[in-house]
Structure formats: C-alpha cells, structure tokens
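Undergrad: Mind looking over this structure? Questions follow.
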Amino acid sequence: MCYPFVGGTHSNAESACRELGAVGGAFDSLSADPQSACPAVEDPVVATATGVWCGRQVRWERTFGNSCVLRTTTGSVFAL
C-alpha cells in the first residue's frame with residue numbers, strides 16, 4: 001500500500017511507492033534504467049498487479065523478455 005501511508009509486505013515499499021508515484025500509478029510509464037544492460041536471452045516472465053491505486057481499481061499485466069528486463073524496467077515495483 002502506498003497511500004495514505006506506505007505499508008504492506010513489499011520488501012522495498014518506500015522505493016516502489018516513490019517510483020510508481022512518479023508516474024502517477026501508470027505501470028506502463030515505468031521506464032528502463034539507462035545504465036543497465038540485459039543479456040539477449042529469451043526467458044519470458046509475466047508481471048501482474050491488481051489492487052487499488054489512489055481509489056481506483058488497477059489490473060495490469062505485461063510479459064518481459066527475461067527477469068533482467070523486468071527488473072531494469074520496473075525498478076523496485078516488482079522487486080519482491
């Protein structure tokens with residue numbers, strides 16, 4: 001949970017909330033870390049999020065080429 005206070009069981013909730021807050025809760029607007037490079041290995045992973053963001057229901061899902069791409073694109077949000 002990010003609002004009205006940071007809480008829940010996320011291992012790095014403060015960073016995840018800050019990063020998601022910077023894009024207004026729009027998961028598709030999270031961007032890759034320009035300093036990171038990932039191997040070109042196809043090993044797809046699916047990230048999903050369901051819940052409530054600032055009073056509105058959220059259901060989001062995206063497939064990434066591998067776990068490195070997931071981590072560098074979504075930062076702390078899916079670093080569970």
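Throughout, read-outs are computed from the coordinates displayed, never taken from laboratory work. Since the structure is predicted, the reported quantities are computational estimates derived from the model, not experimental observations. Cβ coordinates were reconstructed from backbone atoms using ideal geometry, including for glycine residues, and neighbour counts include every protein chain displayed.
Undergrad: Starting from the 7 Å offset along Cα-to-Cβ, what nm value, one decimal, do you get for the label separation of Ala26 and Asp43?
TA: 3.2
Undergrad: Separate question: Can you list the cysteines of the chain that have no other Cys Cβ under 4.7 Å away?
TA: Here Cys54 come out as lacking a disulfide-compatible partner, given the Cβ-Cβ threshold of under 4.7 Å.
Undergrad: What ranking, highest mean first, results for peptides 45-51, 10-16 when packing means the other Cβ atoms within 10 Å averaged over each residue? Display every interim value, and only then the final one.
TA: Values: 45-51: 12.6, 10-16: 14.9.
Peptide ranking by packing, descending: 10-16, 45-51.
Undergrad: Next question, about the same structure. Can you compute the modelled spin-label distance between Arg56 and Ser15, with each label point 7 Å from Cα toward Cβ, in nm?
TA: The answer from the label model is 2.8 nm.
Undergrad: Follow-up. Quickly estimate the mean residue ellipticity at 222 nm for the chain, helices only: each DSSP H run with n ≥ 4 gives -39500 (n - 2.57), and the total goes over all residues, rounded to 500.
TA: It lands at -6500 deg cm²/dmol.
Undergrad: Over region 13-74, what per residue volume does the convex hull of the Cα atoms give, in whole Å³?
TA: Numbers: hull volume 5.2 nm³, N = 62.
So the per-residue Cα hull volume is 84 Å³.
Undergrad: Additional query: Under 8 Å for C-alpha pairs, at least 6 residues apart: give me the relative contact order for the chain, rounded to a whole percent. Let's see the in-between values first.
TA: Details: 107 pairs, mean separation 28.3, N = 80.
With pairs under 8 Å counted, the relative contact order is 35 percent.
Undergrad: For region 1-66, with only Lys/Arg (+1) and Asp/Glu (-1) charged at the beta-carbon, what is the dipole magnitude about the Cα centre, in debye rounded to 20? Don't skip to the answer; put the middle values down first.
TA: On the way: 4 positive and 7 negative charges, 63 e Å.
With only Lys, Arg, Asp and Glu charged at Cβ, the dipole is about 300 debye.
Undergrad: Out of Val69, Val41, Val23, any idea which swings most in a Gaussian network model of the chain, alpha carbons joined below 10 Å?
TA: Of the options given, Val41 has the highest mean-square fluctuation.
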